[in-house]
Amino acid sequence: MEEKEACTVHDLGLVFFPAFDWAISPDHPEREERLLYTRDQLMEEGLLDLPGIIEYRPEIATEDDLKRTHICIPSVPVVASKSHLIAAGGSITAAKAVMEGRVKKAFALLRPPGHHAMRLVHGSRGFCTINNEAILIEYLRKNYGSRLKIAVVDTDAHHADGTQDIYYNDPDVLHISVHQDGRTLYPGSGGPDELGGPGAYGMTINIPLPPGSGDRELLFVTKHLILPILQEYQPDIIINGAGQDNHYSDPLTHMQVTAEGYAELTRLLQPDIVVLEGGYAIEGALPYVNLGIILALLGMDYSRVQEPNKERDLVIAAPEVLETVKQVVGFLQEVWSKRRDINLDKIFGSDPCWRRKRFIYYDTDDIHEQQGDQIRRCALCSGYRVIHSWAQKRNARESRVAVVHLPWHACTECRNKAEEAYDRLNPGAQLDRVYLQDVENDLFLEK
Amino acid sequence: MRYIIGIDVGGTNTNACLLQIDEAHQGQVVKMAKTPTVHENLLFSTKQVLAEISRDLTVQDWTALEIHLSTTLITNAIVEGKGDPVATIVSPGPGLCLADAGLSIPLSSVGGAIDHRGRETAPLDMDEIRNALRGADRQGAKVVAVVGKFSPRNPKHELAIEDLIKREFPEFYPPTLGHRLSGRLNFPRRVNTSYLNAMVARLQREFIVKISQTLQEKGLSLSPDPREVPERPRRKVFLLKADGGTISLEKSVTRPIETILSGPAASVMGALALTEARDSCTVVLDIGGTTTDLSILVHGKPLAEKDGAEVGGYKTVVPAFFSRSIGLGGDSVVRYQAGRIRIGPERAGKAAALGGDSLTPTDAIVLTDGGSFGDRHRALAVMKEFCQKTGGSLQERAEEINQAFCQQVVQAINGIFAYLNSRPVYTVSEVLTPRELKPEKLIGLGGPAAYYLPRIARLLAVPYEVLPHYEGANAIGAAASRPTASISLRVDTAFGRAMVPELDFVSSLSHPALFDRKKAEQLAIKSVKEYAGQIGALHPGARFEVDEEEVFNMVRGFRTVGKLFSLRAQVKPEVIKVSP
Ligand SMILES: [Zn+2]
Ligand SMILES: [Zn+2]
């Protein structure tokens, strides 16, 4: 029988979901056509006939899967479309295949992307609504062990501010984002000084690259910073948020990475699970980058994966660019090595709570959000969190909510305080809704 | 009144049927015949069964006769590696390394590249190709296949090489070109298909000559009549293809590869001809001596292989019914291992009850169902021997063999459905409305079907139907089949270009901005008509349809620059309904 036997372990599980019938709007970069040429390239290469690869149909993520990660306001069905649920579900499908040992690695080659989606979701920002990687991570922690050590390496050209927001104070998730310098690109954040909250300081690593950076810079960062950190951290699972908009032909960014560079990065990183993020050079980059990533994941030769006219279009960055990158790498190497010795009071103050005020803009849906966020500084756990959020959508009433969030492995005291906080907060003149998210007990309350 | 003779050359027997076709294109079985297949000489078996089935036909009948032949000639040649030495020239362009593409055939790789939208991204070097052809000549190649990556998106390079061969290497003319065999994207499969097509081309030519001679002896001329029009009764020979359609004998000379795996297709066509099969999901089981072939009908339509047929370990782009063959049949080996009975996958030889030496499932049938055939005493003897070795009573063991046979079939059926239900889909709407397939009915044919089908159906708790003339129903299927043909149309309005690779058709659009879905459909239908004419598939009453359609807006820099249309159009697959 030609069907690939279910009992053999494949080198790579592929969840390919191009969502050929879904777009943000007809001429939006996140449209039906985005993975069309990638599909054509993968089909013409006969990739799915290779014995090492097996294709899976994506499952549909459930409301519970989303509520383990997000607080969707006003509700999951209002915020997340079916295609979002399939993209998140497909990421779960990929992760499951790896965890159950059916495949050595998995690639969720799907859209829409998710890495700009934060814990609170009022709508879409940066083409993202729900966070595929975070939803799969919470699925893994729920089903395969709450103490899993997870590393997310986001290689999209944009700062993974959504994933960072979700894991900023989570000591079990190391989040590394390498991206075009936020001073020159949406969403603007992701400086090297954003290093994590008081409960997980040093577990967020941001590596901004100057515009014009290419394979040389990306691979330098990988070899001299990311790999040594991973080597020391020894994660159980490495997830790569594989955005492809660092490509030299991407219309939205200013980077010079090639398909071969992406493949080389993948070979070095050896991620267990790869999830597609952005990438909008749909003809000139995606077919080749995706092919390169797949071949690298299979351990196959990708040296012939070459974009047409590369010699003509590729600009190698000036040597000063690499020098700038080396400085950032040097700074972060030092931070990482000293992260446990740093006096957190100097950074977060000596209050029992760490308080932040933030303004978040949802560019895709034109929503302005203000957040007041406080995290309890606790010696026994990463501390419960209370978030107040005011969101203003054009031509709509302001939406005001409060969220009480209990992290994994919350201590009894934090748990009691969180429950008190939830009891104290009530909908009324000041608040439309109040939510309690208790991830460890898979509990989601709202009133 | 006209007649169609259907012949199916099977692994064990060659079956034939004579159908009488009435004015309403309905068939009636007049006669069945069978003869053992002589593997070394398939033509001999074909001639024999033809002589028998046509014995009572008058000269008058012969003038309006069609012969539909399902033969294993090409399939066997591929499996046994017979045929001419082929030089396969490939232009792989950038991408997967050729050495990693899973191709087991010798390849001669040349430069040049076409990208996914059909743009030439690197030109051919004609001197390099001349060198490759000279090398092929030195190494004794007799035929040439030429395949470029993305050639269905732009056949320019393949055509240039063909032209070079015509002018400078006439001994290799005509080569097999990849883009003409399929418009679907899958370079390694297209390479395999083109290689095999070139390899068996001479065998097919010889076969055509021999069949023509055989029929000429019967006074049936095969030379195409120039005045012939589709409406006139035809005196023609057709070959059955893997997709259950036919191709005319003469036209098969350029595409012999399409006649592979016609056996399983004949079974399915038999089921379609003899039943209504309107249930949402029917499994067709052709239980033979050596193997059982399983196919699926969904709402009366045969399920197709997603990418193409696989034959002799070669993955191809040849359109084919979905079919899985398991090594389980009336003549399979019966073993007793670890307290369990296992049947197959090897063939034991003829059943003891039918004059062989070893115990087979057929012997168990003879003993339990009081089969009205075979030598009960011989069956008893081998079964006794089996019981002595394994312990257990005679009736028990025989019943266990029947059960094991059926359970192995059920297992295979369940495996197939698990696979079908996990097949990936690429749109939101397909994910949301999953067509969960499950077996709802069984249709059986082949010698042992009458015995096993009721038991298998009981295990699956579904109704069943054993086809009339079940032993030779595949010959009825061959007779009841009609020509099929399909083309791929690709229109890229940003480039202002339309093309149909199967036809070598490439044309500039006069008003790309005005090209729409309706125009695309019209062009696809026009193209498939033309193609059907070329390959002799333009039968009277043929209907045409667009069966796949994909339209994408192309947006560059927030501006719509054009549309991409990908369509498949086909001669609507049909079957002559036959009353037994
Ligand atoms: Zn991005
Ligand atoms: Zn605590």
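Every number in this text was worked out from the coordinates using simple rules, so none of it is lab data. Quick caveat, the model's predicted, so the values are computed rather than measured. Ideal geometry is used to build each Cβ from the backbone, glycine not excepted, and the neighbour counts take in all protein chains shown.
Each of A:Tyr37, B:Pro256, B:Leu514 was scored by the projection of its Cα onto the charge dipole of the protein assembly as shown, and the greatest displacement toward the positive side belongs to B:Pro256; charges sit on the C-beta of Lys, Arg, Asp and Glu. If every alpha-carbon in the stretch B:525-580 counts as one equal scatterer, what log10 I(q)/I(0) does Debye give at q = 0.18, 0.31 1/Å? These q points yield log10 I(q)/I(0) values of -0.71, -1.18. The Stokes-Einstein estimate for the stretch A:178-295, based on a Kirkwood radius over Cα pairs and taken at 25 °C with 0.890 mPa s viscosity, is a diffusion coefficient of 166 µm²/s. Each Lys and Arg contributes +1 and each Asp and Glu -1, all at the Cβ; summed about the Cα centre of the stretch B:86-199, the dipole is approximately 380 debye. Straight-line cross-link partners of B:Lys384 among the lysines, defined as a Cα under 27 Å from its Cα and at least 8 positions apart when in the same chain: B:Lys350.
Ranking B:Met199, B:Leu159, B:Ser182 by Cα position along the charge dipole of the stretch B:86-199, where only Lys, Arg, Asp and Glu carry charges on their C-beta atoms, puts B:Ser182 farthest toward the positive end. The distance between label points at B:Gln337 and A:His254 comes to 6.7 nm (points 7 Å beyond Cα on the Cα→Cβ vector). For A:Ile24 and B:Ser510, the FRET efficiency from 1/(1 + (r/R0)^6), where r spans their Cβ atoms and R0 equals 30 Å, is about 0.30.
When you restrict to C-alpha pairs under 8 Å that are six or more residues apart and normalise by the size of the stretch B:86-199, the relative contact order lands at 29 percent. Between A:Asp423 and A:Val78, the C-beta separation translates, for a Förster distance of 35 Å, into a calculated FRET efficiency of about 0.85. Computed from label points 7 Å out along Cα-Cβ, the spacing between A:Asn395 and B:Leu459 is 6.4 nm. Of all DSSP-defined beta bridges confined to chain B, some 70% are antiparallel rather than parallel. On the principal axes of its alpha-carbon atoms, the stretch A:9-340 has extents of 49, 47, 40 Å, going from largest to smallest.
Extension gain, B:Ser109-B:Glu550: 0.36 nm per intervening residue step, less the Cα-Cα distance, totals 155.5 nm. Rounded to the nearest 20 debye, the dipole size of the stretch B:274-413 about its Cα centre is 260 debye, using +1 on the Cβ of Lys and Arg and -1 on the Cβ of Asp and Glu. Measuring max minus min along each principal axis, the C-alpha atoms of chain B give extents of 77, 57, 52 Å (largest first). A straight line joining the Cα centroids of the stretch B:116-148 and the stretch B:370-419 runs 55 Å. The relative contact order of chain B, computed from alpha carbon pairs under 8 Å that lie at least 6 residues apart in sequence, is 14 percent. Loop-located GluC sites (Glu not before Pro) in the stretch A:77-181 (DSSP state not H, G, I, E or B) with no more than 16 neighbouring Cβ atoms inside 10 Å: A:Glu100.
Each DSSP beta bridge with both residues in the protein assembly as shown is either parallel or antiparallel, and the antiparallel ones are about 55%.
Shown for the protein assembly as shown is the translational diffusion coefficient from the Stokes-Einstein equation, using the Kirkwood radius over Cα pairs, a temperature of 20 °C and a viscosity of 1.002 mPa s: 67 µm²/s. Taken about its Cα centre, the protein assembly as shown carries a charge dipole of about 1240 debye when Lys and Arg each add +1 at the Cβ and Asp and Glu each add -1 at the Cβ.
Above 18 Å, the calculated P(r) of the stretch B:486-579 contains 48 percent of its Cα-Cα pairs.
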